[in-house]
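Take a look at the structure set out below.
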Amino acid sequence: MEKRLTKRMYYQRLDGQTFHESSTLFGLQNGRICEFERVLHDARWYNRYGEKLGWGDLVPEDFERIASGLKSDELFIILRKVDMYRDSYVRAGSDEDHPPLEYLLRECLFIIRSKEIFEITDRQQEGTVQEIYGIYPVKVIHPHSIRGLFI
């Protein structure tokens, strides 16, 4: 199966004299800023292999578009905005475009797979289905259980 979610797919790039547009999959744009109704500001987006796809604000409709558009073998992993002062991994100058899986597992806020949206938290009972930020259904999964989504 062809890999659609590829490293830096939302970044525009210039190869020599040729300008390449970034992907428009799921209607996302790298570096997008939304003034209203955003769920996350400057979120970072990764695929199941830990490759950074892009970054920017996400609104509720983005979550729904991603969940309905993903193929069964794809994961869309969402991390919060990087905090250079508190995030020792990024502060050390490590590769933010392809961090180790342990970093993603520790830092992710949401994981989206085909037709499912998961919030990663241990503040609620695992398996709870809820509405958050106008997004429904969102399933709660505990941090220690998210490895199962990668199988």
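Matching residues to (1) aromatic (Phe, Trp, Tyr); (2) within 24 Å of Val140 (Cβ to Cβ); (3) at pLDDT below 90:
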position	(1), (2), (3)
Arg13	no, no, yes
Glu21	no, no, yes
Arg32	no, no, yes
Val39	no, yes, yes
Arg44	no, yes, no
Tyr49	yes, no, no
Lys81	no, yes, yes
Tyr103	yes, yes, yes
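Does Glu102 satisfy the criteria of being without any contact (Cβ under 8 Å) to a residue 24 or more places away in the chain, surrounded by fewer than 14 Cβ atoms within 10 Å (Cβ to Cβ) and outside any strand (DSSP E or B)?
Considered against the rule, which asks whether it is without any contact (Cβ under 8 Å) to a residue 24 or more places away in the chain, surrounded by fewer than 14 Cβ atoms within 10 Å (Cβ to Cβ) and outside any strand (DSSP E or B), Glu102 comes out as yes.
Does any residue in segment 28-42 that is surrounded by 15 or more Cβ atoms within 10 Å (Cβ to Cβ) come within less than 7 Å, Cβ to Cβ, of a residue that is β-branched (Val, Ile, Thr) and at pLDDT 90 or above six or more places away or on a different chain, and which pairs are these?
These pairs meet every condition: Arg38/Val59; Val39/Val59; Leu40/Ile78.
Among residues belonging to segment 126-151 that are touching a residue at least 60 places away in the same chain (Cβ under 8 Å) and out of contact with any strand residue (DSSP E or B) (no Cβ under 6 Å at 6 or more places or on another chain), point out the one that is surrounded by the most Cβ atoms within 10 Å (Cβ to Cβ).
Ile135
For segment 114-125, check the following and say yes or no: at least one residue is in contact (Cβ under 8 Å) with a residue 40 or more places away in the chain and either among the β-branched types (Val, Ile, Thr) or loosely packed, with under 12 Cβ neighbours inside 10 Å (or both).
Checked against the condition, which is being in contact (Cβ under 8 Å) with a residue 40 or more places away in the chain and either among the β-branched types (Val, Ile, Thr) or loosely packed, with under 12 Cβ neighbours inside 10 Å (or both), segment 114-125 yields at least one hit.
The values are calculated or read from the model by the stated rules, or taken from the named source; none is laboratory data. Note that this is a predicted model, so its numbers are computed, not measured. As a convention, Cβ positions derive from the backbone with ideal geometry for all residues, glycine included, and neighbour counts pool all protein chains shown.
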